[in-house]
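The values are calculated or read from the model by the stated rules, or taken from the named source; none is laboratory data. Since the structure is predicted, the reported quantities are computational estimates derived from the model, not experimental observations. Virtual Cβ from ideal backbone geometry, glycine too; neighbours counted across all protein chains shown.
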Amino acid sequence: MKPVVWHVIFHRREKHQWWARRYGHVSVVGFVNETWMHLDLNRSGFIAEAFFSYDERQEFLSKCLCYSDVVRVPVLSESRSHFMRPMTCVSFVKQVLGLRSRALLPDQLFDTLTQNHGAEWLNEQTESPRGNSGTKGATPKGAS
């Protein structure tokens, strides 16, 4: 069974200058077989967390909305190919989503999803997610 919707979590960098990358990491959460799964490939390995109850999922997403930027992505109909190398958090998320993209950094993936694939930015902020008022970012929408 494929998920109906994915939530992609863009983890903000601790030290942010206006000229630096905003995101340092990306992971994904999806609903599969009546269970919410958080899939995360990071430097220390692969983490798969399952949330069986609605309350666990809400608590996790609430924490993510405080410390990260979250976008809701409908399941893409793009075909999957062999696994993209090198294995990074961005290539892993692209593989999970079935996304064909040239994005190599989390910031590039954020832009690709919000501008080209109908991703819905869930954080309730009025500023551009890129931190630059001159850039055109995704329109924030309330989490539901």
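A few notes on this one:
- For first residues located in the range 85-106 and farther than 16 Å from ALA119 by Cα, partners that are among the charged types (D, E, K, R) and outside any loop (DSSP other than H, G, I, E, B) and lie 6+ apart or on another chain with Cβ distances below 9 Å form the pairs CYS89/ASP40; PHE92/ASP40.
- Wholly within the range 27-142, helices (runs of 4 or more DSSP H) carrying at least 2 residues that are at pLDDT 80 or above, surrounded by fewer than 18 Cβ atoms within 10 Å (Cβ to Cβ) and charged (D, E, K, R): 54-67
- Cβ-Cβ under 9 Å pairs, at least 6 apart or on other chains, the range 34-59 side touching a residue at least 40 places away in the same chain (Cβ under 8 Å), far side part of a strand (DSSP E or B) and surrounded by fewer than 12 Cβ atoms within 10 Å (Cβ to Cβ): LEU39/PHE46; LEU39/ILE47; LEU39/ALA48; ASP40/PHE46; ASP40/ILE47; ASP40/ALA48; LEU41/ILE47
- Hey, ARG12 in contact with a Leu (Cβ under 8 Å, 6 or more places away or on another chain) and either within 25 Å of LEU104 (Cα to Cα) or modelled with pLDDT under 85 (or both) or not: no
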